[in-house]
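Here the structure comes first, spelled out in structure tokens, and everything after it is commentary.
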Amino acid sequence: MLVTMTGVRLSYGRWPALDKINLEIRQGEFLVISGPSGAGKTTLLRLIWMGDKPDSGIVEVAGFRSDRIKRRELPQLRRKIGIVFQDFRLLHSRTIFDNVALPLQVTGAGNRIVQKRVISLLARMGLSHRRNSFPHELSGGEQQRVAIARAMVAHPFILLADEPTGNLDPEVSREVVELLLEINRGGTTVVMATHDPRQVPAGKGRFLFLDKGILRGADRWTELDQDS
Amino acid sequence: MSILQSAVREIALNLHSRPGARLITLLMVALAFIVFDTFLIISWNLESIMDKEESLVGMEVFLQREISTNEGRVVGDLISSMSGVQSVYFVSPQEAEALFRAELPGRTDLLDVMGNDFRLPASLQIIFTEEAMSQGRISDLSRQIGAIAGVEDAVYGEDYLPGLLKTVTTIRRLVILLGIVLVSSISLVVFYTVRLSVVRRSLTVDIMRIVGAPWWFIRVPFVIEGVLMGIAGSAGGLAMAAILSEVLSTAVTHRFMPMSWMTLVILLGAVTGTVGALAGSYEKER
């Protein structure tokens with residue numbers, strides 16, 4: 001199991017953001033976590049990359065346990081995880097090439113490896129011609145593809161996508177979801193948090209519904225779809 | 001590229017980014033330091049004035065008329081060996097008369113009235129050590145000197161000296177107190193200014209965290225920026241204070257602060273800048 005959550009609870013102040021979370025994510029899985037705003041989707045992803053630790057319960061990711069991991073070990077874990085955000089989070093003073101190369105540079109990867117890997121990923125994302133541009137010169141869809149390239153550049157075994165289509169129009173959103181599915185077909189586990197699970201075609205992944213911090217299980221989105 | 005080379009590249013990129021925001025931070029630090037530097041210049045000059053005033057405080061010991069010059073010098077040697085005495089100068093009757101005529105030219109008729117045989121008494125001018133004055137030992141010394149054979153009278157500014165010394169002591173204490181307040185406030189201003197400039201770039205810290213950069217890789221560029229910002233800001237403040245001092249030098253005679261004080265000012269800038277940068281990066285890294 002790549003990710004295991006057992007009896008996880010996390011509160012911000014007096015309000016529980018997540019409660020009674022028991023979850024297992026297998027290697028190579030495409031997991032869609034849906035739910036309304038404030039349901040705890042982002043918090044769940046933060047627990048996976050250990051941006052937060054649970055108040056109670058245990059999160060285990062690739063052998064790193066939340067109750068045992070040391071502060072100096074956090075970078076080692078995060079190098080195995082790729083993260084994509086709704087707001088892209090690109091460094092605006094750096095070129096597209098430098099943004100994508102960042103995860104390799106912080107590990108001290110050699111120049112030749114960085115060049116090869118970044119150029120190949122940019123080509124795969126259809127962004128080769130943009131390598132010397134700056135983020136503000138790109139469209140939203142292109143910026144999100146850069147963010148995905150940055151998340152994938154260090155060969156992570158899990159890609160966390162937090163509302164990756166939240167700032168994109170429907171056409172570009174479809175392209176981004178298709179890109180995530182393609183990454184998953186390559187063997188990388190993908191966990192996508194979204195308020196609209198219908199973006200991912202049925203049968204292409206496992207669907208979980210989060211409501212007020214509690215996992216309600218699969219197929220909830222289908223019920224919602226039928227309700228609407 | 002090694003991780004160290006990457007870190008150096010990060011430092012260079014960090015220093016090149018957002019020049020406008022950096023300039024504003026630098027100006028704020030420099031302006032804060034101008035206030036502090038002005039205070040230092042004032043206190044440095046005040047200290048010099050007080051030192052000079054203190055050095056002028058002394059005692060005049062009048063010797064008995066029948067004492068010869070040699071005996072008078074022996075008394076002088078005896079007094080100069082006393083603890084708290086810095087120097088003793090023997091004034092002969094002839095020198096005393098010359099001084100009287102030079103300092104009080106309108107009253108020379110008094111000497112003429114006294115006749116040709118009249119001689120002013122020989123005297124000894126005594127300067128005390130700073131320590132003796134600060135400890136209020138002058139009156140004790142006066143009593144001891146007055147008891148020496150051959151001494152007619154020992155005169156010092158017993159009416160104004162205690163007040164002067166008290167005023168000097170009070171001013172020194174006030175300067176130290178004000179200095180502490182200013183050092184504290186300037187440290188806080190620089191600390192928060194640099195910290196804010198780091199926090200403003202929280203996105204960079206966030207991204208570094210999520211891509212798995214080690215803590216030192218995230219912090220070192222900010223710390224170096226903080227050190228440089230503190231040094232440049234304090235040096236800029238000193239430069240502006242020096243210009244101000246030069247402009248005012250014709251109106252108010254004064255001296256700029258000594259090199260040792262300038263070094264301490266720059267050191268203060270470097271330390272507060274570093275601490276501010278560390279605090280800012282730590283706050284965002286958590």
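Looking across segment B:173-190 at every residue that is in contact with a helix residue (DSSP H, G or I) (Cβ under 6 Å, 6 or more places away or on another chain) and modelled with pLDDT of 85 or more, the one that is most open to solvent (accessible area, probe 1.4 Å) is identified as B:Val189. Being of a type outside the set (Phe, Trp, Tyr), open to solvent by 70 Å² or more (accessible area, probe 1.4 Å), closer than 19 Å to B:Arg65 by Cα and in contact with a helix residue (DSSP H, G or I) (Cβ under 7 Å, 6 or more places away or on another chain) narrows it down to one residue among B:Arg101, B:Arg119; which is it? Checking each option against the conditions leaves just B:Arg119. Number of residues in segment B:1-59 that are open to solvent by 30 Å² or more (accessible area, probe 1.4 Å), touching a Gly at 6+ places or on another chain (Cβ under 9 Å) and within 14 Å of another protein chain (Cβ to nearest Cβ) equals 5. The set of residues in segment A:124-156 being in a helix (DSSP H, G or I) and over 28 Å from A:Pro75 (Cβ atoms) consists of A:Ser128, A:His129, A:Arg130, A:His136, A:Glu137, A:Gly140, A:Gly141, A:Glu142.
Scanning segment B:192-213 for residues that are of a type in the set (S, T, N, Q) and crowded, with 22+ Cβ neighbours inside 10 Å turns up B:Thr193, B:Ser197, B:Thr204.
The residues listed here are B:Ser81, B:Ser68; of these, the one that is more than 27 Å from B:Leu164 (Cβ to Cβ) and either surrounded by fewer than 17 Cβ atoms within 10 Å (Cβ to Cβ) or among the aliphatic types (A, V, I, L, M) (or both) is B:Ser68. Screening A:Lys53 with (1) out of contact with any His (no Cβ under 8 Å at 6 or more places or on another chain); (2) under 23 Å from A:Val200 (Cα atoms) gives one miss only, at (2). When B:Gly106 is tested against (1) open to solvent by less than 30 Å² (accessible area, probe 1.4 Å); (2) without any contact (Cβ under 8 Å) to a residue 60 or more places away in the chain, exactly one condition is not met: (1). Here segment A:107-154 is the region considered, the condition is being in contact with a Gly (Cβ under 9 Å, 6 or more places away or on another chain) and more than 14 Å from chain B (Cβ to nearest Cβ), and the residue that is surrounded by the fewest Cβ atoms within 10 Å (Cβ to Cβ) is A:Glu142. Listed conditions (1) surrounded by fewer than 19 Cβ atoms within 10 Å (Cβ to Cβ); (2) within 11 Å of chain B (Cβ to nearest Cβ); (3) free of Cβ contacts under 8 Å to residues at least 40 places away in the same chain are all met by A:Ser93, apart from (3). Screening segment A:7-66 for strands (runs of 3 or more DSSP E) wholly inside it with 3 or more residues that are free of Cβ contacts under 8 Å to residues at least 60 places away in the same chain returns the ranges A:56-61.
Every listed requirement among (1) at the interface with another protein chain (Cβ under 8 Å from one of its Cβ atoms); (2) in a helix (DSSP H, G or I); (3) surrounded by fewer than 19 Cβ atoms within 10 Å (Cβ to Cβ) is met by A:Pro75 save one, (3). Could you tell me how many of the residues in segment B:165-224 are away from every other protein chain (no Cβ under 14 Å) and either aromatic (Phe, Trp, Tyr) or within 30 Å of A:Leu104 (Cα to Cα) (or both)? Qualifying residue count, segment B:165-224: 11. Being of a type in the set (Gly, Ala, Ser) and under 20 Å from the mean Cα position of the chain (by Cα) is a condition met by no residue of segment A:116-136. Look at (1) without any contact (Cβ under 8 Å) to a residue 60 or more places away in the chain; (2) more than 10 Å from chain B (Cβ to nearest Cβ); (3) open to solvent by less than 20 Å² (accessible area, probe 1.4 Å) and you find that A:Pro103 fails only one, number (2).
Taking the criterion of being in contact with a Leu (Cβ under 9 Å, 6 or more places away or on another chain) and outside any helix (DSSP H, G or I), the residues of segment A:89-109 that qualify are A:Arg89, A:Leu90, A:Leu91, A:His92, A:Ser93, A:Arg94, A:Gly108. Would you confirm whether any residue within segment A:161-170 is part of a helix (DSSP H, G or I), modelled with pLDDT under 95, loosely packed, with under 14 Cβ neighbours inside 10 Å and of a type outside the set (Gly, Ala, Ser)? Yes, segment A:161-170 contains a residue that is part of a helix (DSSP H, G or I), modelled with pLDDT under 95, loosely packed, with under 14 Cβ neighbours inside 10 Å and of a type outside the set (Gly, Ala, Ser).
The values are calculated or read from the model by the stated rules, or taken from the named source; none is laboratory data. Because the structure is a prediction, the values reported are computed rather than measured. Cβ: placed from backbone, ideal geometry, glycine included. Neighbour counts: every protein chain shown. Please note that ligands, DNA and RNA were not included when accessible areas were found on the heavy atoms of the full protein model with its side chains. Shrake-Rupley method; radii C 1.70, N 1.55, O 1.52, S 1.80 Å.
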